[in-house]
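What follows is one structure encoded as structure tokens, with my remarks underneath.
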């Protein structure tokens, strides 16, 4: 993507009513206006579901289409990517969609305790090298952040093409005695996965399937 195109998208994001980009001061001072108040943005008290590392927001948008009575927020640091999802949501008048441009490790500073019902983590970078463990979105530090904002019995979904990430997460969850509700190492060959796992495919997921890579899925609950 050319620099001019990126700049245009950054400018668009500033104008889009469904994109929020908190600055460092708002985060440091816990003054982000929507923390604990996301229901006011959506004008309802419907459940809030996050997609972390949403990229172009394909999953966020498609989930929102399927569930009009649920509010979805895609979270990513890449503004030029989430622009696509934000623009699509506006074009299709999806009032239950928003996007938050921030680092995922700051998520507990932007949502209040018990404000989130579910979290989706879709095709994250597995960060395979040992020194990158701290960046894996299912490591114990990230799980603790999710715990801070999830409602009691809130769910976490991990969908990935990385067998390493799948195995790492399962091992970690077992070690932490976290309840695993469902796990599948190849969702398109084994029956039982939720329909939103099978019916929604991102651009990159379709490429992985063309390469005959298995798509894995885990659903678990972090105890409060």
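Quick check: anything in the stretch 151-163 farther than 16 Å from residue 52 by Cα, assigned to a helix (DSSP H, G or I) and in contact (Cβ under 8 Å) with a residue 24 or more places away in the chain? Yes, the conditions are met somewhere in the stretch 151-163. Scanning the stretch 118-134 for residues that are under 23 Å from residue 58 (Cα atoms) and surrounded by fewer than 18 Cβ atoms within 10 Å (Cβ to Cβ) yields one hit, 125.
Residues considered: 160, 216, 202. Of these, the only one that is under 19 Å from the mean Cα position of the chain (by Cα) and modelled with pLDDT under 95 is 202. Among the residues of the stretch 201-224, which ones are in contact with a strand residue (DSSP E or B) (Cβ under 9 Å, 6 or more places away or on another chain) and surrounded by fewer than 18 Cβ atoms within 10 Å (Cβ to Cβ)? Answer for the stretch 201-224, where residues must be in contact with a strand residue (DSSP E or B) (Cβ under 9 Å, 6 or more places away or on another chain) and surrounded by fewer than 18 Cβ atoms within 10 Å (Cβ to Cβ): 221, 223, 224.
Whether any residue in the stretch 90-102 is in contact with a helix residue (DSSP H, G or I) (Cβ under 9 Å, 6 or more places away or on another chain), surrounded by fewer than 17 Cβ atoms within 10 Å (Cβ to Cβ) and under 19 Å from residue 137 (Cα atoms) is what I want to check. Checked the stretch 90-102: no residue is in contact with a helix residue (DSSP H, G or I) (Cβ under 9 Å, 6 or more places away or on another chain), surrounded by fewer than 17 Cβ atoms within 10 Å (Cβ to Cβ) and under 19 Å from residue 137 (Cα atoms). Filtered by the rule that a residue be closer than 28 Å to residue 114 by Cβ and not in a loop (DSSP other than H, G, I, E, B), the stretch 191-224 gives 195, 196, 197, 217, 218, 219, 220, 221. Only one entry of 170, 137 meets the criterion of being surrounded by 13 or more Cβ atoms within 10 Å (Cβ to Cβ) and outside any loop (DSSP other than H, G, I, E, B), and that entry is 170.
Can you go through 33, 113 and tell me which one is closer than 23 Å to residue 221 by Cβ, over 17 Å from the mean Cα position of the chain (by Cα) and surrounded by fewer than 22 Cβ atoms within 10 Å (Cβ to Cβ)?
Going through 33, 113 in turn, the sole match is 113.
Within the stretch 142-173, being closer than 23 Å to residue 200 by Cα and out of contact with any strand residue (DSSP E or B) (no Cβ under 8 Å at 6 or more places or on another chain) holds for 164, 167.
Here's the yes/no breakdown for (1) touching a residue at least 12 places away in the same chain (Cβ under 8 Å); (2) within 18 Å of residue 53 (Cα to Cα):
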residue: 110; (1), (2): yes, yes
residue: 113; (1), (2): yes, no
residue: 117; (1), (2): yes, yes
residue: 120; (1), (2): yes, yes
residue: 140; (1), (2): yes, yes
residue: 167; (1), (2): no, no
residue: 170; (1), (2): yes, no
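The values are calculated or read from the model by the stated rules, or taken from the named source; none is laboratory data. Just so you know, these numbers come straight off a predicted model, no measurement behind them. Neighbour counts are summed over all protein chains in view; Cβ atoms, including those assigned to glycine, are modelled from backbone coordinates with ideal geometry.
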